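Below you'll find the structure, written out as structure tokens, and then a few comments.
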Amino acid sequence: MAQLPATSEREQKILGIIETARGKRPKFRDEQITMAHGAGGKATHSLIEGMFVPALGGGELAAMADAGAVTVDGVELALTTDSFVVKPLRFPGGSIGELSVNGTVNDLAVAGARPVALSLSLILEEGLGAEVLRAEVAAIASTAREAGVEIVAGDTKVVERGHADGMYICTTGIGRRDGRATLSPAALRPGDRVLLSGTIGDHGTAIMLARGEFELDAKIESDTRSLWPAVAALLDAVGPQLRCLRDATRGGVASVLNELARSSAVAMLVDEASIPVEPAVAGAAEILGIDPMYVANEGKLVAFVAPDRAETALAALRSVPGCEAAAEIGEVRTEPPGMVLVQTGFGGRRVMDQLVGDPLPRIC
Amino acid sequence: MRFVDEFRDAELGRAVAAEILSLIEPGRHYKLMEVCGGHTHSIYKYGVDDLLPANVELVHGPGCPVCVIPMGRVDDGIALARTDGVIFTCFGDMMRVPGSEGSLLEAKAAGADVRMVYSPLDALRIAKQNPDREVVFFAIGFETTAPSTALTLKRARAEGVTNFSCMCNHVTIVPPVRALLESPDLRLDGFIGPGHVSTIVGGRPFEFIPADYGKPLVIAGFEPLDILQAIAMILRQLEAGRCGVENQYTRVVPYEGNLRALEVMAEVFELRPHFEWRGLGFISHSGLQLSEAYADLDAERRFQVPGVRVADPKACQCGEVLKGVIKPWECKVFGTACTPERPIGTCMVSSEGACAAYYNFGRFAREREVV
């Protein structure tokens, strides 16, 4: 056996060009906004890093974390905002009202902040049934109670029929940063273990099926829930050995791993066989030709933990209701920086890239 | 998942990989083409080529139905989508394919009513739900998807749906494979035959490949174990100095094909004199159009379609890449003007095209060993 001959000079040069292009901050060059800009993949990044951050960014925005850090008279706070435009408004396992609370609560939680208060902004479509609205307000109230946050401010706008799919909701949240760990992508070290708090793809698949476009029937429920109990359990268990957290919403676990690999210039190696997926979700994804790693979750976090504390962290995570299926799914490596590699269940290896557009079903 | 996981078993995979190793003549380089894009997808998804020695090289063939649609057809589709009153329907992954001035996804963003469907029947349903709109289905794919388009057109006729029509871009698999084989600079040792297409056409249409060109073809399923086994079957033929059409995918593919499906296709479609393929140019009798009997459901006759021909960009060398004459990185525009975000040629369009794959995975293809 022999190693392949050294690659030619020209091939090396081309690979170098690709490498440089990958490392560059994406430029926003599109002429109009397409759905891809909202899908959480490459197009979203080019918009954020190519337009928003250069125009608006001070240091905190440029960090592009789930929540921004604000210190007021020595009190460390986290601030975040999120809009919810889900269709249909109600789906198995949840509704837009529940999402609008949990989504913002979770952005605070994974920034290591205990959620304290939310504002609530409603954009309602002319003709929306009062019963529909009442049900969502009730859902918001009970979800906020469960998550231990208070709704302290609000706003209402009504737009003409045909403009808001029933209703859109925007929530802004404020939280108190927990001093037990300093969570940051910069804290990632080679050897750190990657933990996932439960099964993936449930929310996105539940929504796809609830839209009824595919005529598939399966009992799949959204996983919308507050992640603060999971974060609190991790902080209790391993404190400063918890390096970084992300909630794997739009773009799924694959996008979270890619973002962090890029921003921290590390590699990730993921063991595909260890990733928990509900059989019904795996089946639907198989039929639709979609990879669950790219499908949205609304109650799953990815945690990076120092190697010698990974077992303790995993045990703590599994003791939290809703996180029983938590698993260690991979580790941080040095080479190749910026890339996520997958050890497939079949024994091969591949690159798990950033999503280019919306995940579109394949024809063959 | 039952009946699926069995074909993704790592231990069985290692066993077939060992068999492949034993069939290899030391020092010889084997170049095998998987004709079908579905195989390419599985090869990447499961890292199948990682289980092969480096001197067994898999070349990605012309069987990605989305990638081979030429720019002019995409432009025609977009023109239809922009026509007043039209709801334009197509499969999801078609929406990202670039025409000369953007993709269907961009046309949608600019206001065209473009909707993703999962089956042509969904498009017909949209037509029934919107009787005051014209619904056009942009039909693409090889013999795999053509029968479902044909059945949908038959149903539209039977149900008297008059606001439904089809822009037919269906293609057939044999002509491009023959065109590749005719190319004097081709270097291939054998073919992994398309499993889904063969479900419809059977094994016979491929018999000319061993008979006229002396290359083995093994029809294969889409699970990683299927693909490895098909490779072993090809290598066994090469080792024994035999060549023929063999069927690894017997659990799905009958050798005579699906006669009912072929009948329906013959009724609804007829061969176009020639059809353009992105990267391969015009190939005679390689595309389907609606037959005279279904002419009234043909969107190209019902609407004004510009029918412009947009030449493949000159610098693009997809044809050579497809034939295995050059490697992706040897193309003049690879990685510079042509990238996955802004693809020029067919091989960069789909994530499993040879160039897109090399762009993303190229560095890691080096780690395997030569036997």
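Given in Å, the Rg to one decimal and the Dmax to the nearest whole number for the Cα atoms of the protein assembly as shown are 26.6, 84. Values of log10 I(q)/I(0) for segment B:318-364 across q = 0.16 Å⁻¹ run -0.33, by the Debye formula with one identical scatterer at each alpha carbon and no solvent. Listed from fewest to most Cβ neighbours within 10 Å, the set A:I290, A:I275 follows the order A:I275, A:I290. For the residues B:Y46, B:Y30, B:Y358, a GNM of chain B with alpha-carbon springs under 10 Å puts the largest fluctuation on B:Y46. Cβ crowding within 10 Å, taken as a proxy for footprinting-reagent exposure, orders B:K215, B:K31 from fewest neighbours to most as B:K31, B:K215. Modelled spin labels at A:E76 and B:A311, positioned 7 Å past Cα toward Cβ, are 6.4 nm from each other. Ordered by the count of other Cβ atoms within 10 Å of each Cβ, fewest first, B:D9, A:D192, A:D308, B:D84 give B:D84, A:D308, B:D9, A:D192. Note on chain B: semi-axes of the ellipsoid equivalent to its C-alpha gyration tensor, largest first and rounded to whole Å, are 36, 23, 18.
Counting only residues at least eight positions apart within a chain, or on another chain, the lysines with an alpha carbon under 21 Å from that of B:K154 are B:K128.
Rounded to two decimals, the Cα radius of gyration of segment A:122-238 over 2.2 N^0.38 Å is 1.42. Helix screen, chain B: DSSP H segments with Cα axial length of 15 Å or more and mean Kyte-Doolittle hydropathy at least 0.5 are B:10-23, B:224-240. Dipole of chain B computed with +1 at Lys/Arg Cβ and -1 at Asp/Glu Cβ about the Cα centre; of B:P273, B:T145, B:V310, farthest Cα towards the positive end is B:V310.
Under 13 Å from a label point set 7 Å out along the Cα-to-Cβ vector of A:F52, the amide N atoms of segment A:224-258 belong to A:250.
Under Stokes-Einstein, with the Kirkwood radius over Cα pairs as Rh, the value for segment A:198-302 at 37 °C and 0.692 mPa s is 222 µm²/s. Based on the Kirkwood radius over alpha-carbon pairs, what value in µm²/s does the Stokes-Einstein equation return for the translational diffusion coefficient of chain A at 37 °C and 0.692 mPa s? After rounding, the answer is 153 µm²/s.
Quote the FRET efficiency, to the nearest 0.05, computed for A:V158 versus B:S148 with a Förster distance R0 of 35 Å and r equal to the Cβ-Cβ distance. Present the calculation step by step, with values, prior to reporting the outcome.
Working: r = 44 Å, r/R0 = 1.26.
My answer for the efficiency is 0.20.
Calculated mean residue ellipticity at 222 nm for chain A: -9000 deg cm²/dmol, from DSSP H runs with n ≥ 4 weighted as -39500 (n - 2.57), summed, divided by the residue count and rounded to 500. Computed from the C-beta positions of B:E263 and B:K128 and an R0 of 35 Å, the FRET efficiency is 0.85 to the nearest 0.05. When Rg and the Kirkwood Rh are both derived from Cα coordinates, the Rg/Rh ratio for segment B:44-162 amounts to 1.09.
Can you order the peptides A:255-266, A:154-165 by their average number of other Cβ atoms within 10 Å per residue, highest first? Intermediate values should be presented prior to the final figure.
Values: A:255-266: 21.7, A:154-165: 11.7.
Going by the mean number of other Cβ atoms within 10 Å, highest first, we get A:255-266, A:154-165.
When chain A is treated as a Gaussian network with alpha carbon springs shorter than 10 Å, the biggest mean-square fluctuation among A:A267, A:A55, A:A306 belongs to A:A55.
Just list whichever of A:K42/A:K300; A:K27/B:K45; A:K42/B:K323; A:K13/B:K314 have alpha carbons separated by over 25 Å in the model shown. Display every interim value, and only then the final one.
Values: A:K42/A:K300 22 Å; A:K27/B:K45 29 Å; A:K42/B:K323 31 Å; A:K13/B:K314 23 Å.
A:K27/B:K45; A:K42/B:K323, as the Cα separations exceed 25 Å there.
Global size of segment A:66-177: 14.5, 47 Å for Rg and Dmax (C-alpha atoms, Rg to one decimal, Dmax whole). Comparing A:T334, A:T20, A:T81 in a Gaussian network model of chain A (Cα springs below 10 Å), the most mobile by mean-square fluctuation is A:T20.
Every number in this text was worked out from the coordinates using simple rules, so none of it is lab data. Not measured: the values here are computed from a predicted model. As a convention, Cβ positions derive from the backbone with ideal geometry for all residues, glycine included, and neighbour counts pool all protein chains shown.
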